[in-house]
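K.L.:
My questions will all concern the structure given below.
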Amino acid sequence: MDIQTLQKDNPKTIRSWAMFDWANSAYNLVITSTIFPAYYTAITYTEMHGDVVYFFGYPIVNTALSNFALSIAYLIMAFALPFVSAYADVRGRKKYFMKFFTYLGALACMGLFFFRLETLELSIFLYAFAAAGYIGGLAFNNSYLPLIASVEQQDRVSAQGFAYGYVGCVTLQIICFVFVLKPEWFGITDASLPARLSFFLVGLWWLGFSQIPFRRLPESRPSAMPSGWTIGQKVRQEFGSVWQRIQEIPAIKRFLFPYFFYSMGVQTVMIVATAFGMKEIGLEMSELIAAILLIQLIAIGGAYLMSKLAKPLGNTTVLIGVVCVWIFICVAAFFIQTKTEFYILAMLVGAMMGGIQSLSRSTYSKLLPSNIEDTTSFFSFYDVTEKVAIVLGLFSFAIIEQVSHNIRYSALFMSVFFIVGLILLISLYRFERKVTKNTHA
C-alpha cells in the first residue's frame, strides 16, 4: 500500500495501527513501572554496600543510576528525534525508522534476561536502549494518526490505540505475575529467573505484535530534493521548515506550552506511583499489583470517555476539566493515609491517565495542517516536548524528596505544573473562542 492510496478511517488499518500500542505498552508497564524497578532494587542492594553500586568502578546510589540512565536516554532522544524524523521524511523512511527503534527496544528488553549484579554495566546500557527504542517507535507511530484517520475520527482512533495498549500491557503483566508470584508452578528455583523471564517476554511480545502494523502501514514518500543538495542540507532545510511552520500556527504553539507543563505532572506521577504506594502507604507486592492493574483497566474507559466528551464539549474544554482533576489528585496524595484511600485515588488516576494521554495526541493531530505529508517531523516536536517534560518532572520530584525527605511534598509540588498547564489551557480556550467568533463574523 502506498501512502498516497491510504484510505482514511479504514477499520482494518486503524486496528493494525492500534496494535502497535498493544505491542509496545508492555515495556511501559513491566519495565518502567512494575517488575523491573522491583527486581533492580533487590538485585542492586547488598549487605556490604547497601544501596550503593559500582558502575565502572564509580560508587553511585542504585536508584540514582537507573534514573540517570533513563533521563540521559530521554534527553538524547529529545535532541535526536527532530533530525531523525526530518531525515525519515526526506528519504521516505518513516516505517523503516519505526522498525529500527522497535527492534532496538525489543532486543534490549530481551537482553535484560541476563541482568545480574555482575552484568550491571551492560544491563544499564540495555535499560537505556530499551527506553530509546520505546520513545522512537512511539514517535513514528504517532505520526501515522493524521494519515489514517479523518479529523472527525482522530479522538476515537487515538483512544482506541491507548485502549489496545492498556489491554495488551495488562494481559502480558498478568502472565508475568504468574511467573513472579507462583514460580513453584513451573519448577523454578532460581529466585531471579521469573523477573528476568518477564523482561525477555516483554521484548518477544513487543517484537511479535509489532509485525501487524508493520505489514499494514505504508512507507512514506521521499521529499523532493533540489538539484545539487546533499541529504544533510535537505534534512536541515526540512527541520527548519517544520519549525518555522509550527511558529506560524498559533494554535499549535499555544497547545505545546500547556502540554509541556501538565505532561511533567502526568508522566512523573505515573512513574513514581509504585514507589509512593510502597513507601507511604505500605502496600505489599500483591496489593501493589492489584492497584497497578486497576489503574490500567480503568484507563481504557477513561480514554474512550474523554473522546466521547470531546465531541459536544471540545478537546480543550475536556482537557481543562481533566487537568483540574489532576490538581486534586496531587493535593489528595499529600493527605491520604489508608490503603482504601490509595485505591480510590488510583482509580481516579487511571481514568484521568487514559483520558489525558489519548486526548492530547488527537488534539495535536487535529491542529496540524490537513495537507501535510511530513507528519513525522511535526510529531517529533510533540514527542520531544513530552520527553523533556518527563526529565524535568522526574528531576524536580527527586530534588524535593532529597531535600524534604518526604515523598508527599514531591507529589504535592506536581500540582504546580498542572496549575501552570491549566492557566495556559484556559488561554488556548480563549484563543480558540476568539478565532471561532472572527470566523463566523
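The values are calculated or read from the model by the stated rules, or taken from the named source; none is laboratory data. For clarity, every value in this text was computed on a predicted model and none was experimentally measured. Cβ placement follows ideal geometry from the backbone for every residue including glycine, while neighbour counts extend to all protein chains displayed. Note: accessible area is taken over every heavy atom of the protein model, side chains too, but ligands, DNA and RNA are not part of it. Shrake-Rupley method; radii C 1.70, N 1.55, O 1.52, S 1.80 Å.
K.L.:
For K311, which lysines qualify as cross-link partners when the Cα separation must be under 17 Å and same-chain residues fewer than eight apart are set aside?
P.N.:
K366
K.L.:
Heavy atoms only, probe 1.4 angstrom, no DNA, RNA or ligands counted: give me T41, T385 ranked by accessible area, highest first. Let's see the in-between values first.
P.N.:
Values: T41 65, T385 25 Å².
Ranked list, largest accessible area first: T41, T385.
K.L.:
Work through the residues other than F179 whose Cβ is under 13 Å from its Cβ and net out their charges, Lys, Arg +1 and Asp, Glu -1. It would help to have the intermediate numbers written out before the result.
P.N.:
Working: positive: K182, R196; negative: E184, D190.
After counting each charged neighbour, the total is 0.
K.L.:
GNM on the chain, C-alpha springs below 10 Å: top fluctuator among E386, E280, E248?
P.N.:
E248
K.L.:
Right, here's the next one. Quick one: compute the contact order of the chain, relative version, from alpha carbon pairs under 8 angstrom and 6+ residues apart, as a percent. Display every interim value, and only then the final one.
P.N.:
Working: 641 pairs, mean separation 114.1, N = 441.
26 percent.
K.L.:
In the chain, what percent of the accessible surface is made up of carbon and sulfur (1.4 Å probe, ligands and nucleic acids excluded)? Intermediate values should be presented prior to the final figure.
P.N.:
Details: 12570 of 18950 Å².
The computed percentage sits at 66.
K.L.:
Which order do the peptides 52-64, 112-124 come out in when sorted by mean C-beta neighbours inside 10 angstrom, highest first?
P.N.:
Numbers: 52-64: 13.8, 112-124: 16.5.
Put in order of decreasing packing, that is 112-124, 52-64.
K.L.:
Would you please put 154-167, 416-429 in order of how densely packed they are, using the mean number of other Cβ atoms within 10 angstrom per residue and starting with the highest? Kindly include the intermediate steps, with their values, before the conclusion.
P.N.:
Numbers: 154-167: 24.7, 416-429: 20.0.
Peptide ranking by packing, descending: 154-167, 416-429.
K.L.:
For the chain, with every protein chain kept in place, what is the accessible area per residue (1.4 Å probe, Å²)? Mind dumping the intermediate values first?
P.N.:
Numbers: 18950 Å² over 441 residues.
Per residue, the chain has an accessible area of 43 Å².
K.L.:
Mind jotting down the distance between the C-alpha centroids of region 123-196 and region 1-70, whole Å?
P.N.:
8 Å
K.L.:
If you take Rg and Dmax of the Cα atoms in Å from the coordinates, which of (i) 21.6, 75; (ii) 24.1, 81; (iii) 21.4, 69 do you get?
P.N.:
It is the one labelled (i).
K.L.:
Okay, moving on. Any idea how far the Cα center of region 345-372 sits from the one of region 82-117, in Å?
P.N.:
Taking the Cα centre of each part, region 345-372 and region 82-117 sit 24 Å apart.
K.L.:
How large is the helix-only mean residue ellipticity at 222 nm for the chain, computed as the sum of -39500 (n - 2.57) over DSSP H runs with n ≥ 4, divided by its residue count, in deg cm²/dmol to the nearest 500?
P.N.:
Values: 16 runs with 338 residues, N = 441.
Taken over the chain, the calculation gives -26500 deg cm²/dmol.
K.L.:
Given K8/K94; K253/K308; K387/K434; K8/K99; K12/K387; K8/K437, which pairs have Cα atoms separated by over 28 Å? List each step's numbers first, then the result.
P.N.:
Details: K8/K94 18 Å; K253/K308 25 Å; K387/K434 31 Å; K8/K99 22 Å; K12/K387 30 Å; K8/K437 30 Å.
From the list (K8/K94; K253/K308; K387/K434; K8/K99; K12/K387; K8/K437), the Cα-Cα distance tops 28 Å for K387/K434; K12/K387; K8/K437.
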